[in-house]
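Structure first, then comments.
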Amino acid sequence: MTHPQTQIHAHGPGDQQEAPNVWWAILVLVVITLLAYSNAAHDKLVLDDKVFVGTESIVELEDTGEAFSRDIWDRESIKSGLYRPLLLIFFDLESRLFGDWLVGYHLANILTHLLACLLLFGFLLHLLQKLGGSGKTAMLAALLSAVVFAVHPAHTEVVNSVFNRSSIYVSICAILGLWWLSHWLDR
């Protein structure tokens, strides 16, 4: 019988290794990330947020396809050339869901950042174990890296400003892309 915090993994005939349960690490990462950004769930709009969410929002899509063909600013006076269809789609959905409840947009940012942190932890754990790291060492290294990523000051503006969420989407897509590549390199 195994200890509730461990699992037995067989790597070959007769080769068994104990791997720590990852749930405690995930809980630690979630708690630290949410505590670090608990002050970001405010009811104020900063910088470009004022144009994209709330009562003065310019994001009103007639259909989802429009997000793939329009400039993010969509104004005659401003043609930025910025192509952010995913951001426009989520702003449109959130404006329907949250309306003028500004805290909702900021909570969505925090949760999206948390998702990026969890994906980074999972990818690093997968990569370190794949490279032969022991269960506990790989998990601690992946957790420490993900925690540093989660609370790094470079993410402050990204998490606090709703408009900058596209940077979080880039992180999520990059991590998923590397994970997918790592999976297929074995084959």
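Just so it is clear, none of the values below were taken in a lab; they were calculated from the coordinates. In this text the structure is predicted, and so the values were computed from the model without any measurement. Quick reminder, even Gly has a Cβ in these numbers, built from the backbone with ideal geometry, and neighbours come from all protein chains shown.
If packing is taken as the average number of other Cβ atoms within 10 Å across a peptide's residues, how do 30-42, 98-110 rank, most packed first?
Put in order of decreasing packing, that is 98-110, 30-42.
Dipole size in debye (nearest 20) for the range 84-157 around its Cα centre, Lys and Arg Cβ +1, Asp and Glu Cβ -1?
380
Rounded if a/c is under 1.5, else prolate if a/b is larger than b/c, else oblate: which is the range 142-187, with a ≥ b ≥ c the root eigenvalues of its Cα gyration tensor?
Judged from the Cα gyration tensor, the range 142-187 comes out oblate (a/c at least 1.5, b/c at or above a/b).
Using mean Cβ contacts within 10 Å as the protection proxy, how do 133-139, 115-121 order, highest first?
115-121, 133-139
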